[in-house]
Amino acid sequence: MKRIPWPALALAARFVLAAILLASGLHKTAAPAEEFAAVIDAYQIVPADILLPFAHLVPLAELGLAFGLIAGYLTRACAAGVGAMSVMFFTALASTIARKIQLDSCGCFGSIHLTPYQAMAVDVCMMAMAALVFLRGRSRFSLDAWIEAGDSGTGKPA
């Protein structure tokens, strides 16, 4: 029986998560923040006075987490952040379904429109990948490994 290649799976999950977050963050930052604020407002969760700051913060957080995952810097913290954001997004979507709020767009990827159920499925997959990266994401292909190993003077991790 073959062993499960956890390090390779975690590395792949790290890059898939980064790609999803990059796409999401870039789509949102390419448009005026007021557009994303209007989408957030449709959820009827965030108070009106913080909609615009929230609309600026979410894509920046997505991009920051994506770059952290790509570089493998603070990998476990980034994975935890992705997991927390995915839980937040899932909960917000579930609340709209429970409250029978019709959304024109989940707001996940800007002009790419997913139904709430499709977006929730993406969130569940992201939670699973974030958990995998958190638990098994130690990789020699990361800044974390480089920092942990120290520089042996050769320019390569020891």
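The values are calculated or read from the model by the stated rules, or taken from the named source; none is laboratory data. All values reported here derive from a predicted model rather than from experimental measurement. All Cβ positions, glycine included, derive from the backbone under ideal geometry; neighbour counts span all protein chains shown.
Answer with yes or no whether residue 126 is closer than 16 Å to residue 40 by Cα and not small (Gly, Ala, Ser). Before you say what the answer is, go through the steps one by one.
Numbers: closer than 16 Å to residue 40 by Cα: no; not small (Gly, Ala, Ser): yes.
No; evaluated as a whole, the condition is false for this residue.
The condition of being touching a Phe, Trp or Tyr at 6+ places or on another chain (Cβ under 9 Å), over 15 Å from residue 16 (Cα atoms) and exposed (fewer than 14 other Cβ atoms within 10 Å of the Cβ) holds for only one of 135, 103, that being 135. Looking at this structure, is residue 85 under 22 Å from residue 31 (Cβ atoms), part of a helix (DSSP H, G or I) and not β-branched (Val, Ile, Thr)? The answer is yes for residue 85. Every test in (1) touching a helix residue (DSSP H, G or I) at 6+ places or on another chain (Cβ under 9 Å); (2) at pLDDT 95 or above; (3) surrounded by fewer than 18 Cβ atoms within 10 Å (Cβ to Cβ); (4) closer than 23 Å to residue 120 by Cβ is passed by residue 42 save one, and that test is (2). Checked against (1) at pLDDT 95 or above; (2) surrounded by fewer than 18 Cβ atoms within 10 Å (Cβ to Cβ), residue 6 meets all criteria but (1). Residues 68, 81: which one is free of Cβ contacts under 8 Å to residues at least 60 places away in the same chain, touching a Cys at 6+ places or on another chain (Cβ under 7 Å) and either among the aliphatic types (A, V, I, L, M) or crowded, with 16+ Cβ neighbours inside 10 Å (or both)? Exactly one of 68, 81 is free of Cβ contacts under 8 Å to residues at least 60 places away in the same chain, touching a Cys at 6+ places or on another chain (Cβ under 7 Å) and either among the aliphatic types (A, V, I, L, M) or crowded, with 16+ Cβ neighbours inside 10 Å (or both), namely 68.
Taken over the stretch 1-45, residues that are in a loop (DSSP other than H, G, I, E, B) and aliphatic (A, V, I, L, M) amount to 4.
Considering the stretch 88-123 alone, what residues qualify as being under 18 Å from residue 45 (Cα atoms), modelled with pLDDT of 90 or more and either among the aromatic types (Phe, Trp, Tyr) or in a loop (DSSP other than H, G, I, E, B) (or both)? Within the stretch 88-123, 89, 90, 99, 100, 101, 102 qualify.
Here residue 73 clears all of (1) farther than 17 Å from residue 132 by Cα; (2) not in a helix (DSSP H, G or I) except the condition numbered (1). Within the stretch 97-107, is there a residue that is more than 18 Å from residue 30 (Cβ to Cβ), in contact with an Asp or Glu (Cβ under 9 Å, 6 or more places away or on another chain) and β-branched (Val, Ile, Thr)? No, because not a single residue in the stretch 97-107 is more than 18 Å from residue 30 (Cβ to Cβ), in contact with an Asp or Glu (Cβ under 9 Å, 6 or more places away or on another chain) and β-branched (Val, Ile, Thr). When 107, 137 are screened for being touching a residue at least 12 places away in the same chain (Cβ under 8 Å), within 16 Å of residue 39 (Cβ to Cβ) and in contact with a Lys or Arg (Cβ under 9 Å, 6 or more places away or on another chain), only 107 passes.
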